[in-house]
Each structure stands twice: as structure tokens, then as C-alpha cells.
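The values are calculated or read from the model by the stated rules, or taken from the named source; none is laboratory data. Quantities reported herein were computed from a predicted structural model and do not represent experimental measurements. Neighbour counts are summed over all protein chains in view; Cβ atoms, including those assigned to glycine, are modelled from backbone coordinates with ideal geometry. Only protein heavy atoms, including side chains, enter the accessible area calculation; ligands, DNA and RNA are left aside. Shrake-Rupley method; radii C 1.70, N 1.55, O 1.52, S 1.80 Å.
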Amino acid sequence: VWAELEVQPAAWVTLRSGARVAGGSVGAPPDPASGSPSVDRNFGAIVGRGSLTFRPHDVLRLHVNVDQGFRAPNLDDLTSRQQVGPGFQLDNPALEPERTLTTEVGVRVLHPVVRFDVWGFATTIDQGIQRSIREGAVCPPETPGCASARTTFQLVNATDRSVLLGMEGGLTLALPRDVRVRATASYAYGWGPDLNGGPERRPLSRVPPLQGTLQLRWRHRATGLTFGGALR
């Protein structure tokens, strides 16, 4: 359930605010053969967002956005007891939801010939769900594959905050003879607590590297016939 309010106190400024009520329930019966316990959990949260848009010129937009996020652990997070590569994952029915706060600033130029946008963001993650190595002695006796694995780990909630920073942008040019060029680029980097006794901070997993796209397109005005190519 969500609601959003938009207010335009002047022609050059727009304010938006909103809230979302999120709730979920997850349940799974026990599995005596493997020793897996039952799961019966309910999750809920209220999160909000706000944004401010300035239009100092007809083609220029300045944006500031603040968003809260909420993600409850899913059935796989809570109950998975499985081989993952050379390691073995133990279930954790006590996981708590992750919460995020994202602040984003952006500049957009909207012109018939040139369209340009660049954004920067910072996201903090509280109680982030991460892997933590466990000693082999914690392997359930009903799961023989656990003890023979190279490493044993479990998903847990990090006690310290994680941070993700990034930038992204795009440029579109409308060239003569109905040729259009589009280029984009993005980069992100994140770090968080090391849950395995290493340094105080370590890079976050699943953060994509520097990447971008380049697209070239020609479209015939009368027939709509289009030729194009893209590089990613």
C-alpha cells in the first residue's frame, strides 16, 4: 500500500513525498530428515521518500531524491541448506530485514538536439544480509555433505552499516540526416564490515564494475525503416 503527494508551489520547483506500508509473511514446515526447523515469520515496515526538482531553465532540471528501502528475507534466505560451489550454506530462520537509505542528486539537460543526464548516489544498508563462515563443528549430523565441504557459511545480519556509492549518466545526440547517438556509463563501489575476522571493512559482493553502452541509429522519416548498432 503506498501513497504519494506532489506539490508545485512555483513554476520552477516541484516537491514530492510519499510513503509505503510493506508487509509479508513466510512459512515452511520442519524437515525431520535433514533436521531443518520450521519457519513462521511476519515482517512489516513503513518507508518514506521525498524529492525536490528545480527548473532554472526550460531545458535544465536539478534533482534531489531521498528514499528509504526495506527488504525482508525470503524463503531461500531463511531455509536454504545446500551445496554452493565448494562451500555449504546453512539455513538461518532468525534473519531480520535489511533497511536502506538512498540519497541521489542529478542534473538533466532536455534539448531537442542534446539530452544529457548525470546522477550520483549514496546508499547506506543497515542489517545487511551477508555470508559468515562457520566452523565445521556446527554442521548438522543429518546433513553429511556439510562436513565434507571446503567451507561452511551462513547468512547473517551485519551488525555494522554498509555503504554503496555510485555515479551514472547518459548523453543523446540528434545528428543531421536523422542519425541519433546514445552513450551511457555507470560505476559503483561499496564496502561493509568483514564478518569473518578480516580487516575492518571489505568490498561488497555483487557490485557491478565500470560499464557503459554506445548506440548508433538511423531512422527513415517516411517509412520508419531503422538501422542501428549497439556496443555494451
Yes or no: region 133-141 includes at least one residue that is β-branched (Val, Ile, Thr) and assigned to a strand (DSSP E or B). yes
Unmet requirement for Leu204, which otherwise passes all of (1) within 21 Å of Thr123 (Cα to Cα); (2) touching a residue at least 24 places away in the same chain (Cβ under 8 Å); (3) surrounded by fewer than 14 Cβ atoms within 10 Å (Cβ to Cβ); (4) in contact with a Phe, Trp or Tyr (Cβ under 7 Å, 6 or more places away or on another chain): (3)
Of the candidates Arg71, Arg55, the one satisfying the condition of being among the basic types (Lys, Arg) and either open to solvent by 80 Å² or more (accessible area, probe 1.4 Å) or under 26 Å from Ile129 (Cβ atoms) (or both) is Arg71
Find all pairs meeting these conditions: Cβ atoms under 6 angstrom apart; at least six residues apart or on different chains; first residue within region 112-140 and touching a residue at least 60 places away in the same chain (Cβ under 8 Å); second residue in a loop (DSSP other than H, G, I, E, B). Gly128/Ala158; Gln130/Ala158; Gln130/Leu195; Ser132/Leu195; Ile133/Asn196; Pro140/Gly35
Which residue pairs have Cβ atoms closer than 8 Å, lie 6 or more positions apart in sequence or on different chains, and pair a first residue in region 1-16 that is touching a residue at least 12 places away in the same chain (Cβ under 8 Å) with a second residue that is open to solvent by less than 70 Å² (accessible area, probe 1.4 Å) and of a type in the set (Lys, Arg)? Ala11/Arg55; Trp12/Arg55; Val13/Arg55; Thr14/Arg55
Of the numbered conditions (1) outside any loop (DSSP other than H, G, I, E, B); (2) under 25 Å from the mean Cα position of the chain (by Cα); (3) not hydrophobic (A, V, I, L, M, F, W, C), Gly228 fails exactly one; give the number of that condition. (2)
Got at least one residue in region 83-91 being of a type in the set (S, T, N, Q), in contact with a helix residue (DSSP H, G or I) (Cβ under 7 Å, 6 or more places away or on another chain) and farther than 27 Å from Asp160 by Cα? yes
Please go through region 149-162 and give me each residue that is touching a helix residue (DSSP H, G or I) at 6+ places or on another chain (Cβ under 9 Å) and either free of Cβ contacts under 8 Å to residues at least 24 places away in the same chain or not polar (S, T, N, Q) (or both), ordered by number. Ala149, Leu155
Within region 93-105, is even one residue within 22 Å of Glu142 (Cα to Cα), more than 22 Å from the chain's Cα centre (by Cα) and touching a residue at least 40 places away in the same chain (Cβ under 8 Å)? yes
Report the residue count in region 64-83 for those that are of a type outside the set (D, E, K, R) and assigned to a loop (DSSP other than H, G, I, E, B). 4
Complete set of residues in region 183-201 that are open to solvent by 70 Å² or more (accessible area, probe 1.4 Å) and either within 21 Å of the chain's Cα centre (by Cα) or within 27 Å of Gly170 (Cβ to Cβ) (or both): Tyr187, Tyr189, Arg201
Of the conditions (1) farther than 20 Å from Glu4 by Cβ; (2) buried (at least 16 other Cβ atoms within 10 Å of the Cβ), Val118 satisfies every one except a single condition; which number is it? (2)
Identify the single condition in (1) touching a Lys or Arg at 6+ places or on another chain (Cβ under 6 Å); (2) open to solvent by 80 Å² or more (accessible area, probe 1.4 Å); (3) not small (Gly, Ala, Ser) that Thr152 does not satisfy, given that it satisfies every other one. (2)
